[in-house]
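Notes to accompany the following structure.
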């Protein structure tokens, strides 16, 4: 039980390359009193480094998996769908809760995200107040209502 | 004709929990039709248009499946497995809503690609609030997967 509380309190991973959107998201989370630390990855490689404990995150304790990953789709280096594909292909992360958070309204993105078992797909509202409210709801859902999967056993 | 609101499939064998869930949804003005299946076999009949739902248009799938785990006939995890194994329902948002405290259920639920796993709060107000937030999240905020089409 203690492990689960820990999981909920672990940092949230926000994968976002646009500095304005990042600032907006951090502000929205703060405004909604989300207590979790937020780690920001600015491209797909950084996101994978965090989740697999490689690169600048070498040695990170992988048992502290984010209770949710907020994943943009259009990203430099490795795009969001490829990040999701790699998470689902690895036993350490294949059940990691991932919410796609995107402005894309392309059918292909929606379909592929669900085909790769994204837990949820949310379109970013353009309006600031709507965005703040939406992100608050999303964060509360995944941080205080949803029960995250238990950490994968250490390899 | 396309209905304005897609349905919610509530898979729940406990009549008290069923009544409470319906009440919480109505109270929050979630107007989606709620189809109740009282065991696992009924849930699959609805989704796949068999048994008493023979002939139902299975291109029309619910926007959300609220799935209890302890169910007569076929349990919730078996239902989920069948949902994920069929092209018509593979992408359906499924939220497990259960009193189960067992780690096995949590692990299996996610391994079978439940979208979310929620423990039923025991206390009345907390239960109502949980259903409200689940409804808001999956019926309003979340973008539902594209409708399945026969190739």
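Key figures for this structure:
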| quantity | calculated |
| --- | --- |
| Mean-position separation - Cα centroids, the stretch A:11-67 and the stretch B:56-94, in angstrom | 32 Å |
| Volume in Å³ per residue [convex hull over Cα atoms, computed for chain B] | 110 Å³ |
| For the protein assembly as shown, calculated [θ]222 nm from helices alone, where every DSSP H run of n ≥ 4 adds -39500 (n - 2.57) | -11000 deg cm²/dmol |
| Pair-distance profile P(r), taking every C-alpha pair of chain A, with 5 angstrom steps and integer % | 2, 10, 20, 24, 22, 15, 6, 1, 0 |
| Averaged over B:112-119, number of beta-carbon atoms from partner chains that fall within 10 Å | 5 |
| Ranked list, fewest to most other Cβ atoms within 10 Å of each Cβ, for B:110, B:117, A:107 | A:107, B:110, B:117 |
| Inter-label distance for residue B:126 and residue A:130, nm, one decimal - labels placed 7 Å from Cα along Cα-to-Cβ | 3.5 nm |
| Residue B:53/residue B:22 FRET efficiency (R0 22 Å; Cβ-Cβ; nearest 0.05) | 0.65 |
| Average silhouette area of the stretch B:52-104, convex hull of alpha-carbon atoms, in square nanometres | 4.5 nm² |
| Burial ordering of A:140, A:117, B:5, fewest other beta-carbon atoms within 10 Å first | B:5, A:140, A:117 |
| When the stretch B:1-79 is reduced to its Cα atoms, the Kirkwood hydrodynamic radius in Å | 13.0 Å |
| Footprinting exposure proxy for A:40, B:79, B:107 (fewest neighbouring C-beta atoms within 10 Å first) | B:107, A:40, B:79 |
| Pair-distance profile P(r), taking every C-alpha pair of the protein assembly as shown, with 20 angstrom steps and integer % | 34, 59, 7 |
| √(5λ) per eigenvalue of the Cα gyration tensor, the stretch A:1-73, largest first, Å | 20, 18, 8 |
| Shielding by partners, peptide A:88-98 (average Cβ within 10 angstrom, other chains) | 2 |
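Where a number appears in this text, it was derived from the coordinates with a stated rule and is not lab data. Computed from a predicted structure; not experimentally measured. Positions of Cβ are generated from backbone atoms using ideal geometry, with glycine treated the same way; all protein chains shown enter the neighbour counts.
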